[in-house]
Amino acid sequence: DELARRNVRALGIDLIFDQPTNADDDRALLEALDRFPRPAIIAVGDAANGLTPRQLAFQSEFLAGRTVGLAGLLTTGGVVRYLYPGERGDSNFRSSFAAALAAAAGANPPREPQLLYYRTVTGDVPLVPLYPAHYLSLLPSARFEGRVVLIGADLPNQDTFRTPLSVPPNGATMIGVSVHAQALGQLPDGAEFPAIGDGAAAA
């Protein structure tokens, strides 16, 4: 509700709703999403993420009628190097979480993987500023107005990934919601991974 008052452009929730908490809280969340005046995209898992049939059934029922995107990321050699656009099903294309968010924000996301261009800053501003949720009331509205806001978790050893930035001296992994945000940041402005040229690549 507070993000609605902050006039954000779109909301992405990178949390997997695969089981109930308590009826009052679950109902309150769905009612808040119903009130939200902007696009709201919710990440969903599938069997490839380890969800059981029971978890998948709850997720499908709980999020019925809502806009969702696949939470998975594309890894090669244990490193997230590519933007994951989604996957083709038997009869339709299932967008990734970042691609569904980009589409909601007015971009035209690709249908094929692209090299993910990790950028730490744009100009002198962090591309993906991170704020603890309980700081929201202390932050100025200008930080959020017209922006896409993602909600996710930062938990030790959970939903963390190696990226091309995971080399010394910055050897840390990146939380999943930040990887999604990096992908989202690439899609609306069409930024591409810097090419070094065919000759240098061959060498």
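The values are calculated or read from the model by the stated rules, or taken from the named source; none is laboratory data. Note that the structure is predicted; figures quoted are calculated from it, not measured. Protein only, heavy atoms only, side chains kept; ligands, DNA and RNA dropped before computing areas. Shrake-Rupley method; radii C 1.70, N 1.55, O 1.52, S 1.80 Å.
Structure notes:
- Helix 53-62 axis, angle to the chain major axis (alpha carbon atoms, nearest 10°): 70
- Among 53, 113, 39, residue whose mean-square fluctuation peaks in a GNM of the chain (springs only between Cα atoms under 10 Å): 53
- Debye equation applied to the C-alpha atoms of the stretch 1-128, log10 I(q)/I(0) at 0.18, 0.22 Å⁻¹: -1.15, -1.43
- Cα-based helix-to-principal-axis angle, 176-189 vs the chain, degrees rounded to 10: 70
- DSSP bridge pairs, the chain: antiparallel proportion in percent, nearest 5: 45
- Ligands, DNA and RNA left out, the accessible area of the chain computed with a 1.4 Å probe is 52% carbon and sulfur.
- One quarter of the surface of the convex hull around the alpha-carbon atoms of the stretch 75-162 equals 8.2 nm², the direction-averaged projected area.
- Probe 1.4 Å - accessible area at residue 2, Å² to nearest ten: 60
- Per residue, the accessible area of the stretch 10-59 comes to 56 Å² when a 1.4 Å probe rolls over the protein heavy atoms.
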